[in-house]
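Okay, so here's the structure we're looking at.
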């Protein structure tokens, strides 16, 4: 009983403290005004409070890790402190690894918080904190029933949105009166969408796990219903409160407590309910693993198993893109339809390769995994790059709220022109990340390890998208690049990519060992007939065939861009000569000849 209470209390404190740290970092990075990317005095004071709460997060997370280990062993807290056993838990058991990473992240965030003075490092710490909070969701008991990808993805979205919502509201109470109004104006928009995400992801997670006939008659299900109703009420109350706050010239403590005190209390209760649910076994629906039938064109086209987290990322990307286009249209600016179509095709390809038929069969066959890989890493990124999302963002993101502030647009520009941006946009670095990662992934134990967990599979797909987008942005992209790469260099890089990719495919075809370390054999797809090496060689053939086509298309596009740029430069020179002739001046060539003649005259004299 003592372990159960300690487990409940430490997890609740871990959640609240981590959410508070996220809220402080969110306020310092986006809600409060900065001074050309540097933190102002009000943010520096919040930084000190955030560091102390990060220390609390580290302590509570450490206790939660040890208590979780004691609960698994059904032993006391003191017995769980055995260093040998604890080391095995954090190195060999996935839930132990995730909790240890979270604990380590809490320590690092608290340590570096006292040293940051600019917005970009704060954003980095914010991302680290959110990832650390979300990691344990991969091993939550909530994914044991129903659709694994759907339940896990919904839990990830639920925790991330909750951290932004709860944390932001907590941090607002610590912001001084003079700065609170401008912070609330920006937080209200984000809080509304975060709250909606919390409700929808919670409903989807419950639907994916619970049997509507039997499970919903349990106490667990009734608590889920109460949580959903309370959260819905909180969204409505929060909307009314923030609408009222927007009318106030200043928001002092009495106004703040009167308007959002009830909201904070209700949010704390909802978080406590969520912690209770996470620590109690749910009456999950019993779903036997159904291996998809032998792949046919029709089955691949129409099969669908939603990976809700990836879908959430795609939905956010599409929503932001559409909002950007709408902003341009409202102010009378044009945006090429072709770019929008290219972006939509890229998003559709990603969804098809992660949640659609390719994503479904990629979990049972290396051949279809490789088709999905080529789609995610080489085909979809071309569409995304041609959609010019960075250009759209730079044209539509808001400027700073004051002359001194570096707003979202300024932050994006700072990232593009940062030292890190200059390094990763070097064509050789992009080539190493794009093609070099193939050998690291498939010719080590890494592939089998990543495929064995949902977190690893998600990380792998995100890596494919990121390196593919980076590579093709440098080669054929129309977005601004912090480094100008000559077309001849791009062509050389593409030929090098083609050669390396062909070598990788041949090595995969010639391999006599399974690179998945038995993962696909454990899946037991009967239509493979047990010949997993033949399936792997088929994947090598797919890699060779599908990998060369996008490169050839990129070569053609690079040649076209080169010719267009030369033609544009020629027209510029012609216009300049016409302008100078009209003004009675010599053209550039005549001026250069005159210059050479003057140099020659000086030598003779």
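The values are calculated or read from the model by the stated rules, or taken from the named source; none is laboratory data. Treat the numbers as computed from the prediction; the structure is a model and nothing was measured. Heads up, the Cβs are rebuilt from the backbone with ideal geometry, glycines too, and the neighbour counts pull from every protein chain shown.
Tallying residues that are assigned to a helix (DSSP H, G or I) and either under 30 Å from residue 336 (Cα atoms) or out of contact with any helix residue (DSSP H, G or I) (no Cβ under 6 Å at 6 or more places or on another chain) (or both) within region 360-387 yields 16. The residue that is surrounded by the most Cβ atoms within 10 Å (Cβ to Cβ), among those in region 7-66 that are modelled with pLDDT under 90 and within 16 Å of residue 168 (Cβ to Cβ), is 15. Only residues that are closer than 14 Å to residue 557 by Cα and surrounded by 14 or more Cβ atoms within 10 Å (Cβ to Cβ): list them for region 472-488, please. Answer for region 472-488, where residues must be closer than 14 Å to residue 557 by Cα and surrounded by 14 or more Cβ atoms within 10 Å (Cβ to Cβ): 472, 473, 474, 475, 476, 477, 478, 487. Here is the figure for region 321-337: residues that are in contact (Cβ under 8 Å) with a residue 12 or more places away in the chain and either part of a helix (DSSP H, G or I) or buried (at least 20 other Cβ atoms within 10 Å of the Cβ) (or both) total 6.
Taking the criterion of being at pLDDT below 80 and over 15 Å from residue 30 (Cβ atoms), would at least one residue in region 154-171 satisfy it?
From region 154-171, those at pLDDT below 80 are none; that's our starting set.
No: zero hits.
Report whether or not residue 76 is farther than 21 Å from residue 5 by Cβ, surrounded by fewer than 17 Cβ atoms within 10 Å (Cβ to Cβ) and in contact with a helix residue (DSSP H, G or I) (Cβ under 8 Å, 6 or more places away or on another chain). For residue 76, the condition - farther than 21 Å from residue 5 by Cβ, surrounded by fewer than 17 Cβ atoms within 10 Å (Cβ to Cβ) and in contact with a helix residue (DSSP H, G or I) (Cβ under 8 Å, 6 or more places away or on another chain) - is not met. Which of the residues that make up region 130-142 are more than 21 Å from residue 59 (Cβ to Cβ) and either in a loop (DSSP other than H, G, I, E, B) or under 13 Å from the mean Cα position of the chain (by Cα) (or both)? Across region 130-142, the qualifying residue is only 140. For residue 550, the conditions (1) touching a helix residue (DSSP H, G or I) at 6+ places or on another chain (Cβ under 8 Å); (2) under 30 Å from residue 475 (Cα atoms); (3) surrounded by fewer than 18 Cβ atoms within 10 Å (Cβ to Cβ) are fulfilled apart from (3).
The residues of region 395-427 that are in contact (Cβ under 8 Å) with a residue 24 or more places away in the chain and outside any loop (DSSP other than H, G, I, E, B), listed by number, are 395, 396, 408, 410, 411, 414, 415, 416, 421, 422, 424, 427.
Which members of region 508-540 meet the condition of being over 18 Å from residue 364 (Cβ atoms) and either surrounded by 15 or more Cβ atoms within 10 Å (Cβ to Cβ) or not assigned by TED's automatic domain parsing to the domain that holds residue 434 (or both)? Talk me through it step by step, then tell me what you get.
Quick first cut of region 508-540, residues over 18 Å from residue 364 (Cβ atoms) only: 508-513.
Across region 508-540, the qualifying residues are 508, 509, 511.
Is it the case, given these coordinates, that residue 103 is part of a helix (DSSP H, G or I), touching a residue at least 40 places away in the same chain (Cβ under 8 Å), in the same structural domain as residue 16 (by TED's automatic domain parsing) and farther than 30 Å from residue 120 by Cβ? Against the criterion (part of a helix (DSSP H, G or I), touching a residue at least 40 places away in the same chain (Cβ under 8 Å), in the same structural domain as residue 16 (by TED's automatic domain parsing) and farther than 30 Å from residue 120 by Cβ), residue 103 does not qualify.
To keep it simple, each residue is scored yes or no on (1) closer than 30 Å to residue 355 by Cβ; (2) touching a residue at least 40 places away in the same chain (Cβ under 8 Å); (3) surrounded by fewer than 19 Cβ atoms within 10 Å (Cβ to Cβ).
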| site | (1), (2), (3) |
| --- | --- |
| 136 | yes, yes, no |
| 152 | yes, yes, no |
| 169 | no, yes, no |
| 177 | no, yes, yes |
| 185 | no, yes, yes |
| 201 | yes, yes, no |
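For region 102-129, give me each residue that is within 18 Å of the chain's Cα centre (by Cα) and surrounded by fewer than 20 Cβ atoms within 10 Å (Cβ to Cβ). 120, 121, 123, 124, 127, 128 - these are the residues of region 102-129 that are within 18 Å of the chain's Cα centre (by Cα) and surrounded by fewer than 20 Cβ atoms within 10 Å (Cβ to Cβ).
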